[in-house]
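Colleague: For reference, the structure I am asking about is given below.
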Amino acid sequence: MKLPGQLYVDGAYREAASGARTSLINPATEAEFTTVSAAGTADVEAAVASAQRAWEGGWRDLAPGKRAEILYRIARLLRDYVEHIAEFEMLQIGKPIADARDEAGLGARVFEYYAGAISQFGGQTLPVARGGFDFTLRQSMGVVAAIVPWNFPFPIACWKVAPALAAGNCVVLKPASLSPLTALALGEIAHAAGLPAGVLQVLPGSGSVVGDALVSHPLIRKVSFTGSTEVGRHIMGLAAKDIKRVSLELGGKSPNIVFADADWQKAADNSPMSVFANTGQDCCARSRVYVERSVYEPFVERFVGATQKLIVGDPTHTETQLGPMVSAGQRASVEAYLDDARKTGATIACGGGRPLAKGYYLSPTVLLNAGADSKCWREEIFGPVVAITPFDDEAAMLRDVNASPYGLSGSIWTQNLSRALRVSRAVQSGVLSVNSHSSVHVEAPFGGFKTSGLGRDLGMSAMEGYTELKNVYVAE
Ligand code: NAP
Ligand code: MG
């Protein structure tokens, strides 16, 4: 498979109508390695019109078994191309190759899950008053816009495209400007696997141009977005005009709560990668750690030791755990948080600097003594930075946890079952793990409370989110 370089519309690659192109920089080398067409509003018009034709022309009415067969074929072909997808992902965002391979496989698994879900998904018969018969239908919506970020470009595209297609919709996918390649590869592979032309369009281009045009387009029935809370809010505002359906998966500042009765050694060994994986550019990053005071000092020592052993470097090496950050701008934004942390009295237990001369690298950084109102304790940093604090009282700790405007994920470490259940109920977030940091399961709903989002990706919840619910009453 060649490096994609154009828009994918109506089952074929084509240049943007304006001829515009943007260059892609490899974050590990800081060198430009390719250019890609940048869509404009004329391309949005063409892609939405083609998707609408494909929906009316047959995709919505295709027998469920046929739709499932095509999704299974997409999954199989994605598995054949795992190496290509992983290499494109690594080149465009600096993701370590081992992670990129896992995530390419996860994307294929998502298509398998929704291929199977098709035959299990439908309406209900309801027990209304005598004299009639009542049933519900789950119907496709039409054309869905999927707008995705650069941190997990390929799996998040699959999280949205697979259930939307499974439910009978057509999709226009807009990847982040920094990471168009694997979205384009998905379009090409899906078509090669038998997806009819127009059912999936891929439009790289700027968020303010392509994203806004999609969200404002009258034929777009639903917008499924993952990215910043700021852009999510903007999209929800634009969508209000036509009462478009939206699902939003936004930022987070997820807590990692360690009680003294836990296997805290295991927690300390496992926790660095719960925040530093993907170089901290993860909406689920466990970026504020609360440790019960009696184990705080040994926990911190062990956490810092495990952090210093992480392998930071060349993403082409299979043993690399942390690659560079995605861009110079993203690193600068994280460094500004570190400057503020230093100024406001936090101490840096390890990291804080640039480990390599070339590439947008930043060492994994552990902050201690961050003020309860400091930016580094309150705001999403989206980089390899964690802050750790001791706590004495469960109720006071939970008040601080829930004072955050975010509520995406979190971890709870304890051996006490009633405490695990009580705290799981109390933490205001959409996804929690006990004695683990695992947040994402293809079969289970994923999404946030409060400003972390609206609606759910994955599981059968996502299928529901790509349908309209209709009720039909028939008199006997
Ligand atoms: P972002 O601006 O929210 O970008 C996410 C997606 O939205 C991209 O495809 C982007 O396109 C698009 N977009 C931007 N402006 C838009 C608009 N006006 N209308 C419609 N779509 C628009 O995120 P970012 O700038 O890449 O990152 C900024 C911060 O967002 C990060 O530091 C982090 O805090 C957060 N973030 C969260 C997640 C997550 O998984 N929840 C993922 C990424 C970032 P362009 O790429 O062309 O701008
Ligand atoms: Mg942005």
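Colleague: Checking the condition in a loop (DSSP other than H, G, I, E, B) and closer than 24 Å to ASP400 by Cβ, which residue from ALA372, ALA341 passes? I'd like the intermediate steps shown before the answer.
Modeller: Working: ALA341 fails: in a loop (DSSP other than H, G, I, E, B).
Only one candidate passes the filter, namely ALA372.
Colleague: Turning to a different aspect of this structure: Give me the pairs, please: first residue somewhere in segment 223-236 and over 17 Å from GLY407 (Cβ atoms) and more than 7 Å from ligand 1 (Cβ to nearest atom), second residue anywhere and at pLDDT 95 or above and part of a helix (DSSP H, G or I), beta-carbon distance under 8 Å, and either six or more positions apart or on two chains.
Modeller: These pairs meet every condition: VAL223/LEU214; VAL223/VAL215; VAL223/ILE235; VAL223/ALA239; SER224/LYS160; SER224/ALA164; SER224/GLY465.
Colleague: Next question, about the same structure. Assuming LYS95 fulfils every condition listed in (1) assigned to a helix (DSSP H, G or I); (2) closer than 21 Å to PHE152 by Cβ apart from one, which condition is it?
Modeller: (1)
Colleague: Let me ask another. Among the numbered criteria (1) of a type outside the set (D, E, K, R); (2) buried (at least 24 other Cβ atoms within 10 Å of the Cβ); (3) touching a Leu at 6+ places or on another chain (Cβ under 7 Å); (4) closer than 30 Å to LEU173 by Cα, which single criterion is violated by LEU250?
Modeller: Single failed check for LEU250: (3).
Colleague: Quick one: GLU45 ticks every box in (1) touching a strand residue (DSSP E or B) at 6+ places or on another chain (Cβ under 7 Å); (2) within 15 Å of PRO218 (Cα to Cα) bar one, so which box is it?
Modeller: For GLU45, the failing item is (1).
Colleague: Moving to a separate point now. Cβ contacts < 7 Å: first residue of a type outside the set (Val, Ile, Thr), restricted to segment 411-440; second residue at pLDDT below 95, any location; separation 6+ or different chain. Result?
Modeller: Partner pairs satisfying both residue conditions: SER433/SER439.
Colleague: Can you name every residue in segment 62-75 that is surrounded by fewer than 18 Cβ atoms within 10 Å (Cβ to Cβ), under 14 Å from SER140 (Cα atoms) and touching a residue at least 40 places away in the same chain (Cβ under 8 Å)?
Modeller: Result: LEU62, PRO64.
Colleague: Just one of ARG342, ARG331, ARG302 is surrounded by 21 or more Cβ atoms within 10 Å (Cβ to Cβ), basic (Lys, Arg) and at pLDDT 95 or above; which is it? Quick ask: steps written out before the conclusion?
Modeller: Working: ARG342 fails: surrounded by 21 or more Cβ atoms within 10 Å (Cβ to Cβ); ARG302 fails: surrounded by 21 or more Cβ atoms within 10 Å (Cβ to Cβ).
One residue alone meets the criteria, ARG331.
Colleague: Also, quick follow-up: For the subset of segment 147-172 comprising residues that are over 23 Å from GLY122 (Cα atoms) and of a type outside the set (Val, Ile, Thr), which member is surrounded by the fewest Cβ atoms within 10 Å (Cβ to Cβ)? Spell out the reasoning first.
Modeller: Going residue by residue through segment 147-172, those that are over 23 Å from GLY122 (Cα atoms) are 147-157, 172.
Adding the requirement that they be of a type outside the set (Val, Ile, Thr) leaves 149-155, 157.
Details: PRO149: 22, TRP150: 20, ASN151: 24, PHE152: 26, PRO153: 27, PHE154: 28, PRO155: 22, ALA157: 29.
Selected residue: TRP150.
Colleague: Need a quick list: strands (runs of 3 or more DSSP E) entirely within segment 158-277 having at least 3 residues that are within 22 Å of the chain's Cα centre (by Cα) and more than 16 Å from ligand 2 (Cβ to nearest atom).
Modeller: Numbers: elements: 170-174, 200-202, 220-226, 245-249, 255-258.
Result: 170-174, 200-202, 220-226, 245-249.
Colleague: If you don't mind, another one. Select from segment 389-404 the residues that are of a type in the set (Val, Ile, Thr) and not in a helix (DSSP H, G or I) and list them in ascending order.
Modeller: Hit for segment 389-404 is THR389, nothing else.
Colleague: Restricting to segment 9-48, name every residue that is loosely packed, with under 15 Cβ neighbours inside 10 Å and in a helix (DSSP H, G or I).
Modeller: Scanning segment 9-48 gives ALA42, GLU45.
Colleague: Could we say that VAL386 is touching a helix residue (DSSP H, G or I) at 6+ places or on another chain (Cβ under 9 Å), assigned to a strand (DSSP E or B) and touching a residue at least 24 places away in the same chain (Cβ under 8 Å) here? Give the steps one after another, and end with the answer.
Modeller: Values: touching a helix residue (DSSP H, G or I) at 6+ places or on another chain (Cβ under 9 Å): yes; assigned to a strand (DSSP E or B): yes; touching a residue at least 24 places away in the same chain (Cβ under 8 Å): yes.
The answer is yes for VAL386.
Colleague: Right, next: Need pairs with beta-carbon distance below 7 Å; first residue in contact (Cβ under 8 Å) with a residue 40 or more places away in the chain and within segment 152-169, second among the aromatic types (Phe, Trp, Tyr) and not in a helix (DSSP H, G or I); sequence gap 6+ or separate chains.
Modeller: Going by the 7 Å Cβ cut-off, the qualifying pairs are PRO163/TYR466; ALA164/TYR466; ALA167/TYR466; ASN169/TYR466.
The values are calculated or read from the model by the stated rules, or taken from the named source; none is laboratory data. Since the structure is predicted, the reported quantities are computational estimates derived from the model, not experimental observations. A quick note on method: Cβ atoms are made from the backbone with ideal geometry, for glycine too, and the neighbour counts reach across all protein chains shown.
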